[in-house]
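Worksheet: the structure to be examined is printed underneath.
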Amino acid sequence: MDDWVRSANNVIDSKRMEAAGLSAIESADYLSRRLEQDVGSNVKTIFNIVSGHYGQYVKILVVLLVVFSFLVARYLWLAAAHHLVNQAFDEMSKDKL
């Protein structure tokens, strides 16, 4: 809820409590319970948002892991090819001598 909506609801509630003849302690009790409910609903909403995005985080991590493994495999393949080419040039230079 927006702040202005919440403050408007508080004003409406206080006017209702004045009209009902509730004491200041009873009205403060009512407002505190109402705010606790608002906070509880906000916590539930935040939890639902976070838990909904948890699956997306896992998918992103899996994709990053796959990409990283392909990069490592490519590096190892290039390192092996470089090593083989160096060996071939070493053998060619030995044959020429």
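Condition check ((1) modelled with pLDDT of 80 or more; (2) not charged (D, E, K, R)) across all residues:
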position: Arg6; (1), (2): no, no
position: Ser14; (1), (2): no, yes
position: Leu31; (1), (2): no, yes
position: Gln37; (1), (2): yes, yes
position: Ser41; (1), (2): yes, yes
position: Gly52; (1), (2): no, yes
position: Asp90; (1), (2): yes, no
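So for region 43-55 (the condition being over 30 Å from Arg6 (Cβ atoms), free of Cβ contacts under 8 Å to residues at least 60 places away in the same chain and either touching a strand residue (DSSP E or B) at 6+ places or on another chain (Cβ under 7 Å) or loosely packed, with under 10 Cβ neighbours inside 10 Å (or both)), does at least one residue qualify?
For region 43-55, residues over 30 Å from Arg6 (Cβ atoms), free of Cβ contacts under 8 Å to residues at least 60 places away in the same chain and either touching a strand residue (DSSP E or B) at 6+ places or on another chain (Cβ under 7 Å) or loosely packed, with under 10 Cβ neighbours inside 10 Å (or both): present.
Which of the residues belonging to region 25-42 are loosely packed, with under 11 Cβ neighbours inside 10 Å and among the basic types (Lys, Arg)?
Passing the criteria: only Arg33.
Check whether at least one residue in region 20-29 is modelled with pLDDT under 80, among the β-branched types (Val, Ile, Thr) and more than 25 Å from the chain's Cα centre (by Cα), and report yes or no.
Within region 20-29, one or more residues are modelled with pLDDT under 80, among the β-branched types (Val, Ile, Thr) and more than 25 Å from the chain's Cα centre (by Cα).
Out of Arg6, Arg74, report the one residue that is in contact with a helix residue (DSSP H, G or I) (Cβ under 8 Å, 6 or more places away or on another chain) and part of a helix (DSSP H, G or I).
Exactly one of Arg6, Arg74 is in contact with a helix residue (DSSP H, G or I) (Cβ under 8 Å, 6 or more places away or on another chain) and part of a helix (DSSP H, G or I), namely Arg6.
Does Leu22 count as surrounded by 11 or more Cβ atoms within 10 Å (Cβ to Cβ) and not in a helix (DSSP H, G or I)?
yes
The values are calculated or read from the model by the stated rules, or taken from the named source; none is laboratory data. Note that this is a predicted model, so its numbers are computed, not measured. All Cβ positions, even for glycine, are placed from backbone atoms using ideal geometry, and neighbour counts span all protein chains on display.
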